[in-house]
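The next block holds one structure in the form of structure tokens; read it before the comments.
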Amino acid sequence: MSIVAPSLLAANFLKLEEACKMVNESEADWLHLDVMDGQFVPNISFGIPVIDHVRKATSKICDVHLMIETPENLVPAFKKAGADNIIVHYEVCPNLHRNIQQIKELGMNAAVAVNPHTPVFLLEDILADLHHVLIMTVNPGFGGQKFIPHSIEKIKQLRKMIDEKKLNVLIEVDGGVTIENAKELVDAGADVLVAGNTVFSSENPLETIKQLKKFNR
Ligand code: DX5
Ligand code: ZN
């Protein structure tokens, strides 16, 4: 069964408590939380005080996706706010190994995200240190964008690298995930499906989450 991570970015921000309750009652495994700084990405979302409240309202694993520059300055604060997983972007971490060590030393699961133009082979020498890799399947910054088809090839390449090294690293995909493309993503090697609009714009979010979960790698 795939791991499903609804992205709170697509929820109604006036009704975050309701959104958390829905996710709690669903078969979702993780809650995906998108943090944007208006520098690395051309948008600003929410940050530490919001996550602090969301943490108290959710029973799910908090998967915090940092689309921010110099994440090392804020990683301890996200730990304090209750993050379980921290994802940093390859493109803003010249000392990536140090970033990963910091996250792990604070007792969280460490992950790296790659933008659509960043090849997965660049992760070769950090892969063994990671809990998961997030492949961005849209350009980061906004929900509701169209899935970039070339991402399938990247998922396959990364799956091959992980399997050849006999590692236990999960592959997460983020952006434009739908019930229609979920099977292809899982078949290519994805373990974790992030879904924002597919879940929160759905007539029946609980059923949509159930549908996304049913794919097996
Ligand atoms: C985009 C974010 C995604 C976003 C996905 O920068 O990283 O997590 O919420 O939204 P959908 O699933 O609507 O494409
Ligand atoms: Zn995200």
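The values are calculated or read from the model by the stated rules, or taken from the named source; none is laboratory data. Remember, predicted model here, so these are calculated numbers, not experimental data. Don't worry about glycine lacking a Cβ; one is built from the backbone with ideal geometry, like all the others, and counts go over all protein chains shown.
Restricting the range 30-59 to residues that are more than 15 Å from ligand 2 (Cβ to nearest atom) and in contact with a strand residue (DSSP E or B) (Cβ under 7 Å, 6 or more places away or on another chain) leaves a set whose member that is farthest from residue 91 (Cα to Cα) is 58. For the range 24-33, the set of residues classified as crowded, with 22+ Cβ neighbours inside 10 Å and without any contact (Cβ under 8 Å) to a residue 60 or more places away in the chain consists of 31, 33, listed by residue number.
Can you find even one residue in the range 175-192 that is surrounded by fewer than 18 Cβ atoms within 10 Å (Cβ to Cβ) and touching a residue at least 40 places away in the same chain (Cβ under 8 Å)? No - not one qualifying residue is present in the range 175-192. From the list 162, 148, the lone residue that is surrounded by fewer than 24 Cβ atoms within 10 Å (Cβ to Cβ), within 19 Å of residue 113 (Cβ to Cβ) and away from ligand 1 (no atom under 12 Å from the Cβ) is 162.
Filter the range 80-109 for residues that are within 16 Å of ligand 2 (Cβ to nearest atom), touching a helix residue (DSSP H, G or I) at 6+ places or on another chain (Cβ under 9 Å) and in a helix (DSSP H, G or I) and give the result. Those that are within 16 Å of ligand 2 (Cβ to nearest atom), touching a helix residue (DSSP H, G or I) at 6+ places or on another chain (Cβ under 9 Å) and in a helix (DSSP H, G or I): 90, 92. The set of residues in the range 202-217 being part of a loop (DSSP other than H, G, I, E, B) and either loosely packed, with under 14 Cβ neighbours inside 10 Å or under 16 Å from the mean Cα position of the chain (by Cα) (or both) consists of 203, 204, 216, 217. Here the condition is being surrounded by fewer than 18 Cβ atoms within 10 Å (Cβ to Cβ) and touching a residue at least 24 places away in the same chain (Cβ under 8 Å); of 130, 96, 106, it holds for 106 alone. Of all residues in the range 182-190, none satisfies being within 19 Å of residue 119 (Cα to Cα), of a type in the set (Lys, Arg) and away from ligand 2 (no atom under 16 Å from the Cβ). Just one residue in the set 146, 156, 210 is more than 14 Å from ligand 2 (Cβ to nearest atom), over 13 Å from residue 5 (Cβ atoms) and touching a residue at least 40 places away in the same chain (Cβ under 8 Å); that residue is 210. For the range 110-127, a residue qualifies if it is touching a Phe, Trp or Tyr at 6+ places or on another chain (Cβ under 9 Å) and either surrounded by 16 or more Cβ atoms within 10 Å (Cβ to Cβ) or acidic (Asp, Glu) (or both), and the qualifying residues are 112, 113, 114, 115, 118, 123, 126. Here residue 169 clears all of (1) modelled with pLDDT under 95; (2) in contact with a helix residue (DSSP H, G or I) (Cβ under 6 Å, 6 or more places away or on another chain) except the condition numbered (1).
With respect to the stated conditions, residue 64 fails to be under 17 Å from residue 7 (Cα atoms), in a helix (DSSP H, G or I), within 16 Å of ligand 2 (Cβ to nearest atom) and not charged (D, E, K, R).
Working only within the range 110-144, note down all residues that are more than 16 Å from ligand 1 (Cβ to nearest atom), outside any loop (DSSP other than H, G, I, E, B) and under 13 Å from the mean Cα position of the chain (by Cα). Within the range 110-144, 110 is the sole residue that qualifies.
Tallying residues that are in a loop (DSSP other than H, G, I, E, B) and closer than 17 Å to residue 122 by Cα within the range 151-180 yields 3.
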